[in-house]
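This report concerns only the one structure given below.
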Amino acid sequence: MTYATHVLRHSKKIGSSSNLIRHDSAILVRWFSNGTRSSMEKGDDILRCQSGLVSGERHNIPKSFNRCYSGSAVSNNSCRTVSPRMSFGNALRTTIAPCTSTGSVSFIRRSSGSQAPSRRGFSTASDLPPHQAIGMPSLSPTMTEGNIARWLKKEGDKVSPGEVLCEVETDKATVEMECMEEGYLAKILHGDGASSIKVGEVIAVTVEEEDDIAKFKDYQPSTSDATPSPKAPASPPPPKEEVAEKPVTPSQPKVSKPSAADRIFASPLARKIAEDHNIPLTNIKGTGPEGRIVKADIDDYLASRGKDTPAAAPKADTSLDYMDIPVAQIRKVTASRLLLSKQTIPHYYLTVDTCVDKLIELRSKLNSLQEASGGKKLSINDLVIKAAALALRKVPQCNSSWTNDYIRQYHNVNINVAVQTDNGLYVPVVRDADKKGLSTISEEVKNLAQKAKENSLKPQDYEGGTFTVSNLGGPFGIKQFCAIINPPQSAILAVGSAEKRVLPGSSEGQYKFASMMSVTLSCDHRVIDGAIGAEWLKAFKGYIESPESMLL
């Protein structure tokens with residue numbers, strides 16, 4: 001008991017330092033030796049160590065252990081101290097300091113929400129050294145799975161804290177995943193381009209020693225890796241398995257016995273149609289007399305099956321030449337969000353024509369000043385963003401979101417700007433656009449658009465928008481269109497192209513030319529009434545046709 005006394009004397013140090021456990025591991029092994037086994041057999045064979053509290057505290061076990069489980073005797077196992085550490089994004093990394101063990105040990109780590117597990121462990125059955133399994137992290141609130149864009153490290157490379165391991169394509173952008181500890185990348189389980197990897201699924205393994213890399217050449221993660229020991233104690237399972245097998249054998253002949261009650265009654269015409277379409281009558285519920293299947297039942301079944309499998313129709317035509325294009329993660333998210341928007345948000349649309357002659361003239365003057373000072377040129381879209389932000393400040397009801405219990409009205413005016421790229425549609429955000437100058441807005445939009453095209457947007461670059469502007473006029477010459485609301489926002493502005501039109505002059509019989517631009521506001525009728533939407537468009541038109549007021 002000399003070593004037990006020594007452990008008790010250093011219990012406080014164990015709680016505050018993992019070094020003591022690492023250095024005094026031999027002492028802990030002797031503590032759980034056969035000599036002390038008799039005093040601990042009063043409880044379960046499972047040693048439960050929880051952070052700050054040990055279930056076997058009555059035996060004076062130190063309190064600095066985290067939870068450890070073992071299905072074998074305590075004397076044949078050791079315990080590990082687990083200290084949580086935050087790593088990239090929302091991933092939770094746990095560092096485990098191993099002690100020697102002759103049995104198999106299972107380690108359980110708590111995680112919150114959709115945090116990705118990243119754990120260390122070893123299995124004596126497969127002779128694997130201490131290693132760290134890195135899981136797919138949750139890098140955004142809505143992320144359930146991700147793709148590996150590319151690995152920046154290869155198997156065998158040495159990794160250090162802060163180095164980028166790989167680029168992960170989330171449901172919104174591509175994010176770099178950094179290494180948090182020093183070691184060697186022993187195994188990559190999902191290579192470049194791997195898709196639909198669930199959050200928490202192991203994507204790579206790192207080790208501390210370079211000599212251990214070769215031992216993970218054929219490594220495959222398994223849910224039972226941490227708990228191989230339960231296979232040994234098979235005393236309770238055998239009777240359960242025997243009981244489970246007995247009802248299976250008599251049930252088989254019962255199914256094969258034909259009886260009059262099993263006969264299916266159907267009209268000759270219904271049977272003929274079912275045979276022509278390879279439909280088993282057992283799948284159809286008859287509505288005729290005494291449950292007889294009639295032609296109408298077959299027709300209803302065919303109609304319902306056609307609705308359930310609409311994609312099966314194109315397979316019949318083999319003359320078509322086509323190519324299946326893999327769907328990127330960003331397009332999947334865009335599709336689901338826009339479908340949700342059209343199905344759940346009651347859209348209505350308001351269109352107005354605005355004269356942009358003064359806007360174009362002001363832009364020309366400001367660009368001359370920008371060139372003289374070495375700044376970047378302003379675009380019509382930059383002025384539209386500024387006008388939309390000021391109109392939202394004047395009509396704040398349009399800067400809101402719908403919830404089931406209340407309408408949330410935002411004090412910040414954050415404008416999302418739709419940017420089309422080869423990878424899909426992105427909507428980076430310009431924050432507090434109502435408070436920023438035109439040159440600042442222009443510079444931010446250009447930088448965000450470039451990052452979107454490079455697929456390098458960060459979550460802070462696209463989250464938190466309260467209103468969206470989509471412009472298809474300038475780049476594509478679209479005269480007018482209606483945009484789909486970007487949830488949870490309640491409005492989106494669709495901007496068309498500017499074109500020369502002939503308008504009535506100030507006096508009768510006189511006409512003039514003017515550059516007119518059509519804009520359409522899509523509104524959520526749950527939040528924005530028609531009059532409120534019209535009021536916002538009136539304010540927006542006032543800023544566009546009198547652009548000097550935006551500079552005041």
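The values are calculated or read from the model by the stated rules, or taken from the named source; none is laboratory data. This structure is a prediction, so every number in the text was calculated from the model and none was measured. Note that we place each Cβ from the backbone using ideal geometry, even for glycine, and neighbour counts take in every protein chain shown. To get the accessible areas, we keep the full protein, side chains included, count just its heavy atoms, and leave off ligands, DNA and RNA. Shrake-Rupley method; radii C 1.70, N 1.55, O 1.52, S 1.80 Å.
Summary of computed values
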{"item": "Scope region 129-144; condition out of contact with any Asp or Glu (no Cβ under 8 Å at 6 or more places or on another chain) and either in a strand (DSSP E or B) or open to solvent by less than 30 Å² (accessible area, probe 1.4 Å) (or both); matching residues", "result": "ALA133, ILE134, PRO137, SER138, LEU139"}
{"item": "Failed criterion for GLY424 (all others in (1) under 16 Å from VAL384 (Cα atoms); (2) open to solvent by less than 10 Å² (accessible area, probe 1.4 Å) hold)", "result": "(1)"}
{"item": "Residue satisfying all of: in region 427-452; acidic (Asp, Glu) and open to solvent by less than 60 Å² (accessible area, probe 1.4 Å); farthest from the chain's Cα centre (by Cα) among these", "result": "ASP434"}
{"item": "Test for ASN404: is it modelled with pLDDT under 95 and either part of a loop (DSSP other than H, G, I, E, B) or of a type in the set (S, T, N, Q) (or both)", "result": "yes"}
{"item": "GLU163 acidic (Asp, Glu), within 30 Å of ILE330 (Cβ to Cβ) and surrounded by 17 or more Cβ atoms within 10 Å (Cβ to Cβ)", "result": "no"}
{"item": "Test: residue in region 312-332 that is modelled with pLDDT of 85 or more, β-branched (Val, Ile, Thr) and in a helix (DSSP H, G or I)", "result": "no"}
{"item": "Test: residue in region 378-398 that is in a loop (DSSP other than H, G, I, E, B) and charged (D, E, K, R)", "result": "no"}
{"item": "Total residues in region 393-419, condition under 17 Å from LEU472 (Cβ atoms) and either free of Cβ contacts under 8 Å to residues at least 40 places away in the same chain or touching a helix residue (DSSP H, G or I) at 6+ places or on another chain (Cβ under 8 Å) (or both)", "result": "4"}
{"item": "Hits in region 511-536 - residues which are open to solvent by 10 Å² or more (accessible area, probe 1.4 Å) and within 14 Å of TYR348 (Cα to Cα)", "result": "HIS525, ARG526, VAL527, ASP529, GLY530, ALA531, ILE532, ALA534"}
{"item": "Flag for GLU178 being open to solvent by 40 Å² or more (accessible area, probe 1.4 Å), within 13 Å of HIS131 (Cα to Cα) and either modelled with pLDDT under 85 or not aromatic (Phe, Trp, Tyr) (or both)", "result": "no"}
{"item": "GLU545 vs. criteria in contact with a helix residue (DSSP H, G or I) (Cβ under 7 Å, 6 or more places away or on another chain) and surrounded by 14 or more Cβ atoms within 10 Å (Cβ to Cβ)", "result": "yes"}
{"item": "Output for region 463-485, where each listed residue is under 33 Å from the mean Cα position of the chain (by Cα), open to solvent by 30 Å² or more (accessible area, probe 1.4 Å) and of a type outside the set (Gly, Ala, Ser)", "result": "GLU463, ASN471, LEU472, PRO475, PHE476, PHE481, CYS482, ILE484"}
{"item": "Subset of region 263-291 (residues that are part of a loop (DSSP other than H, G, I, E, B), in contact with a strand residue (DSSP E or B) (Cβ under 9 Å, 6 or more places away or on another chain) and buried (at least 16 other Cβ atoms within 10 Å of the Cβ))", "result": "SER267, ILE284, GLY286"}
{"item": "Enumeration of residues in region 190-223 that are more than 30 Å from THR421 (Cα to Cα) and open to solvent by 40 Å² or more (accessible area, probe 1.4 Å)", "result": "GLU208, GLU209, GLU210, ASP211, ALA214, LYS215, LYS217, ASP218, GLN220, PRO221, SER222, THR223"}
{"item": "Residue within region 488-497 that is within 22 Å of the chain's Cα centre (by Cα), touching a residue at least 60 places away in the same chain (Cβ under 8 Å), more than 12 Å from ILE415 (Cβ to Cβ) and open to solvent by 20 Å² or more (accessible area, probe 1.4 Å) present", "result": "yes"}
{"item": "Test: residue in region 407-417 that is at pLDDT below 95, crowded, with 18+ Cβ neighbours inside 10 Å, assigned to a strand (DSSP E or B) and not charged (D, E, K, R)", "result": "no"}
